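*Asks:* Before I ask anything, let me first share the structure, which is written out below as structure tokens.
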Amino acid sequence: MENIRVRIAPSPSGNLHIGTARTALFNYLFAKKNKGKFVLRIEDTDLERSNAEYTQNIYDSLKALGLNWDEGPDVGGEYGPYQQSERFDIYPKYVQKLIDAGFAYECFCTQEELEAEKEDAIKNKKAYIYSEKCRNLTKEQREEFIKQGRKPVVRFAVPKNREIVFHDLVKGELKFDSNLIGDFVIQKSNNTPTYNFAVVIDDMEMKISHIIRGEDHISNTAKQILIYEALGAEVPKFGHLGMILATDRSKLSKRHGATAVSDFVKQGYLSEALVNFVALLGWTPSDGEEIKSLNEIAEDFDITKISSSNSVFEYDKLNWMNGQYIKKMDIKKLTEKIKPYLEQNYDLSELTQAQLEHMVEVTREPLTVLADIVKDVPFFFGKDVDFEDKVKEDVLNTEVSQKVLKKVVEDAQTWDFNNLEDLHEKLGDIRAFFKEQGIKPKETMWAIRAAITGRTHGADISAVMNIIGKDKFIYRVKNAIIS
Ligand code: GLU
């Protein structure tokens, strides 16, 4: 098989979008599956919109997802530089080659002239295509324009009456009529290349064999194929992925929720869950089992089986999936991931590492994102508890609760709080004792829970007691008793 080389070529004009992460993932998977190379190229030729912070965000986001690249600006490689702004001196010679061979020409039209052409097209209800006014300038005309101080752009001379056909790996056969393309700019008047030109030169020089990207680039592909052909270069294979839409079928945007990988990570989505979820935006596992690791996905991945239609980004499903990963994650690993969220709100030195892990273990069940834990654990810290609304009036201050708490505070003096099993049993005894008096076990437990957590539901109560210890327990129960 030929050397498989794929790439992701993000522009650092924003934080890495989850859609770009999906494109990166599918390229990565394709490389893994075919023992190829995955290349990262930073397309920062638009110097005004690009910045180094976004480049760093691209690195961090791809790394967070485990999508490590074989070649790139930071790790180097045989075909660098991998940052487009360091490649400016590469493009002009190819532009010249095309001009010399008659595939491109200098265009001196001014903005005003082009605007006038566009307005004409609108008036005549026609799609705008450049008039080709400068395609066949005489030497004298050219010199005259230069004398006037005009700085030319370079346009590609699109051939007439050509059907551009390619077999898209995802969408099947696609056809374009060259007469509808129009002579497009490949080099701007400041001598920098346009996207369509730079991307071809870079992909060609970097020996990219397969270009997998969003379908918003399909019309660019037709232009790019013409450039490859004019340069006498081998045309790579293309695969265009459907778009990612929100549940309302509009383009996924910030108003729907987070869209940058780093924002998802900040909120406490696990990278394993994110990657798994993003893979399902277009790919379906052959065994129907949706929860899969990156390696399992790579083994099962087949670009030709990718859905050619758009995918819907369901935040609810991502939440569910993240919850599944939180429930199953190794407790030590999960505790480490959760610590930064806790540290912002609590003094973690109050608990030992073992207690902290125990706390995470007994509170992880309902979590959707890691940050959620913060609101579920305040009573594990500090001496006093904050009571939720109405807990005092409705639960603690009833006759039944007061009776329960008075007995518990006495009995607890002899309980071993370090022994979870024992605490379990002791609470069982208390429930049984009050049941004999006609008090429902549920009510008994509510009283205790409300006194030590300030809430009516939450983590297993014997675990809470075990973690906060006897002193705090007795202190809080005493405080809840109205003397
Ligand atoms: N820089 C382009 C983008 O971010 C790359 C497109 C491509 O993959 O060719 O859309």
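*Asks:* Going through the stretch 103-118 one residue at a time, which ones are among the acidic types (Asp, Glu) and more than 41 Å from the chain's Cα centre (by Cα)?
*Replies:* Answer for the stretch 103-118, where residues must be among the acidic types (Asp, Glu) and more than 41 Å from the chain's Cα centre (by Cα): Glu106, Glu112, Glu113, Glu117.
*Asks:* Just one of (1) basic (Lys, Arg); (2) away from the ligand (no atom under 14 Å from the Cβ); (3) within 19 Å of Pro236 (Cβ to Cβ) trips up Lys93, so point out which.
*Replies:* Unmet for Lys93, out of (1) basic (Lys, Arg); (2) away from the ligand (no atom under 14 Å from the Cβ); (3) within 19 Å of Pro236 (Cβ to Cβ): (3).
*Asks:* Out of Gly80, Gly72, Gly102, Gly76, report the one residue that is free of Cβ contacts under 8 Å to residues at least 40 places away in the same chain, open to solvent by 30 Å² or more (accessible area, probe 1.4 Å) and of a type in the set (Gly, Ala, Ser).
*Replies:* Of Gly80, Gly72, Gly102, Gly76, the one residue that is free of Cβ contacts under 8 Å to residues at least 40 places away in the same chain, open to solvent by 30 Å² or more (accessible area, probe 1.4 Å) and of a type in the set (Gly, Ala, Ser) is Gly80.
*Asks:* If a residue has to be open to solvent by 20 Å² or more (accessible area, probe 1.4 Å), within 11 Å of the ligand (Cβ to nearest atom) and small (Gly, Ala, Ser) to count, how many in the stretch 178-216 make the cut?
*Replies:* Of the residues in the stretch 178-216, 0 are open to solvent by 20 Å² or more (accessible area, probe 1.4 Å), within 11 Å of the ligand (Cβ to nearest atom) and small (Gly, Ala, Ser).
*Asks:* Would you confirm, using the coordinates I've provided, whether Ile4 is modelled with pLDDT of 95 or more, within 14 Å of the ligand (Cβ to nearest atom) and β-branched (Val, Ile, Thr)?
*Replies:* No; evaluated as a whole, the condition is false for this residue.
*Asks:* Related question: What are the residue pairs meeting all of these: first residue in the stretch 409-433, first residue assigned to a helix (DSSP H, G or I), second residue open to solvent by less than 70 Å² (accessible area, probe 1.4 Å) and of a type in the set (Ser, Thr, Tyr), Cβ atoms under 8 Å, and 6 or more apart or on different chains?
*Replies:* Leu420/Ser462; Leu423/Ser462; His424/Ser462; Leu427/Ser462; Ile430/Thr444; Arg431/Thr444
*Asks:* In the stretch 264-293, what residues are among the hydrophobic types (A, V, I, L, M, F, W, C), open to solvent by 10 Å² or more (accessible area, probe 1.4 Å) and assigned to a loop (DSSP other than H, G, I, E, B)?
*Replies:* Within the stretch 264-293, Leu280, Ile291 meet the criteria.
*Asks:* Identify, please: which residue in the stretch 217-244 is within 13 Å of the ligand (Cβ to nearest atom) and assigned to a loop (DSSP other than H, G, I, E, B) and is, among those, modelled with the highest pLDDT?
*Replies:* Taking the candidates together, the pick is Pro236.
*Asks:* If you go through the stretch 14-32 one residue at a time, do you hit one that is over 20 Å from Val275 (Cβ atoms) and either within 14 Å of the ligand (Cβ to nearest atom) or more than 11 Å from the chain's Cα centre (by Cα) (or both)? Give the derivation first.
*Replies:* We begin by selecting, within the stretch 14-32, every residue over 20 Å from Val275 (Cβ atoms); these are 14.
Subsequent filtering for residues that are either within 14 Å of the ligand (Cβ to nearest atom) or more than 11 Å from the chain's Cα centre (by Cα) (or both) retains 14.
Yes, the conditions are met somewhere in the stretch 14-32.
*Asks:* Ok, one more. Within the bounds of the stretch 328-341, is there any residue that is under 19 Å from the mean Cα position of the chain (by Cα) and either β-branched (Val, Ile, Thr) or closer than 23 Å to Leu245 by Cα (or both)?
*Replies:* No.
*Asks:* Return the residue satisfying two criteria in turn: it lies in the stretch 5-37 and is polar (S, T, N, Q) and part of a helix (DSSP H, G or I), and of such residues it is most open to solvent (accessible area, probe 1.4 Å).
*Replies:* Across the stretch 5-37, the extreme among qualifying residues is Thr20.
*Asks:* On the given criteria, is Ile481 open to solvent by 10 Å² or more (accessible area, probe 1.4 Å), more than 30 Å from Asn319 (Cα to Cα) and in contact with a helix residue (DSSP H, G or I) (Cβ under 7 Å, 6 or more places away or on another chain)?
*Replies:* Against the criterion (open to solvent by 10 Å² or more (accessible area, probe 1.4 Å), more than 30 Å from Asn319 (Cα to Cα) and in contact with a helix residue (DSSP H, G or I) (Cβ under 7 Å, 6 or more places away or on another chain)), Ile481 qualifies.
*Asks:* Hey, can you tell me all the residues within the stretch 376-421 that are surrounded by fewer than 13 Cβ atoms within 10 Å (Cβ to Cβ), of a type in the set (S, T, N, Q) and more than 16 Å from Arg476 (Cα to Cα)?
*Replies:* Answer for the stretch 376-421, where residues must be surrounded by fewer than 13 Cβ atoms within 10 Å (Cβ to Cβ), of a type in the set (S, T, N, Q) and more than 16 Å from Arg476 (Cα to Cα): Thr414, Asn418.
*Asks:* When you go through (1) touching a residue at least 40 places away in the same chain (Cβ under 8 Å); (2) more than 27 Å from the chain's Cα centre (by Cα) one by one for Thr363, which number turns out not to apply?
*Replies:* (2)
The values are calculated or read from the model by the stated rules, or taken from the named source; none is laboratory data. In this text the structure is predicted, and so the values were computed from the model without any measurement. Here the Cβ is made from the backbone with ideal geometry for all residues, glycine too, and neighbour counts use every protein chain on show. These accessible areas exclude ligands, DNA and RNA; they are computed on the full protein's heavy atoms, side chains included. Shrake-Rupley method; radii C 1.70, N 1.55, O 1.52, S 1.80 Å.
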